[in-house]
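Below is one structure, written out as structure tokens; the observations come after it.
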Amino acid sequence: MATGRTHRPATRSRGIPEATVARLPLYLRALTALSERSVPTVSSEELAAAAGVNSAKLRKDFSYLGSYGTRGVGYDVEYLVYQISRELGLTQDWPVVIVGIGNLGAALANYGGFASRGFRVAALIDADPAMAGKPVAGIPVQHTDDLEKIIDENGVSIGVIATPAGAAQQVCDRLVAAGVTSILNFAPTVLSVPDGVDVRKVDLSIELQILAFHEQRKAGEEAEAAGESEAVIQTPKESGKGPDGDVPAVMPA
């Protein structure tokens, strides 16, 4: 039987802060792009800019990994790719199940980025009997009745929930009971899980609402700035007349 669920990334035991862990994938993405262009080394400033963080924070993050770079040279790109991949647990194959094969679930199944980043879609699961056996992204959909068996046979420790909100908690409970200890939740609801189970929530509507807030604030700031500019008192043009408006105060010689 597969043993994928027994392997956990080493980050917690090494005391790496969660904020640093959250930035490691950003560094890895930037480093992978550099590696694909055969760039051998990169400075902290260049890598920080590519990852969207400041260089001081990057150097602090890398200090937790034991990487300090070389003065005047920078960081070895290939070594950092390996080091961060190892820290994130991406040097092994992680089988993943996706539950809920509607439009979103099917899109996730077709996402090519899983395989290139250390994840393998082991199974697609849906509650609709009519979906059973239908291939999505070359993988036949299986019914939720077999969820526990599928997880056990594939050694799955990571589950992706893409069901409607009303079904998400029940699916979550079954995943956890079957041995899944990490869940990526796309359902628009908050899941309740026991200690030891990690949940990452992806809610596109919330992200859009946050963007709407920023757009509204920018529009308000622009309107305020426009109002202030209109209120500026214009300095009268010089007419050549004196303070009493009749003749210049000083006559030319």
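The values are calculated or read from the model by the stated rules, or taken from the named source; none is laboratory data. Remember, predicted model here, so these are calculated numbers, not experimental data. A quick note on method: Cβ atoms are made from the backbone with ideal geometry, for glycine too, and the neighbour counts reach across all protein chains shown.
Of all residues in the range 28-44, those satisfying the criterion of being surrounded by 13 or more Cβ atoms within 10 Å (Cβ to Cβ) and within 20 Å of GLY72 (Cα to Cα) are LEU31, LEU34, SER35, VAL39, THR41, VAL42, SER43, SER44.
Among residues of the range 39-50 that are among the small types (Gly, Ala, Ser), those with a Cβ under 6 angstrom from a residue that is in a helix (DSSP H, G or I) and crowded, with 18+ Cβ neighbours inside 10 Å, sequence gap 6+ or separate chain, pair up as SER44/LEU58; ALA48/LEU58; ALA50/ALA30. Identification of helices (runs of 4 or more DSSP H) wholly contained in the range 7-88 with 3 or more residues that are within 16 Å of the chain's Cα centre (by Cα) and of a type outside the set (Gly, Ala, Ser) yields 18-36.
Rundown of residues vs (1) in contact (Cβ under 8 Å) with a residue 24 or more places away in the chain; (2) crowded, with 21+ Cβ neighbours inside 10 Å; (3) in contact with a Ser or Thr (Cβ under 6 Å, 6 or more places away or on another chain); (4) not aromatic (Phe, Trp, Tyr), yes/no style:
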residue	(1), (2), (3), (4)
LEU90	yes, no, no, yes
ILE98	yes, yes, no, yes
ALA115	no, no, no, yes
GLY118	yes, no, no, yes
VAL121	yes, no, no, yes
LEU124	yes, yes, no, yes
ALA127	yes, no, yes, yes
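Against the numbered list (1) over 16 Å from ARG29 (Cβ atoms); (2) surrounded by fewer than 18 Cβ atoms within 10 Å (Cβ to Cβ), ALA50 comes up short only at (1). The condition of being assigned to a helix (DSSP H, G or I), free of Cβ contacts under 8 Å to residues at least 40 places away in the same chain and in the same structural domain as SER157 (by TED's automatic domain parsing) holds for ALA107.
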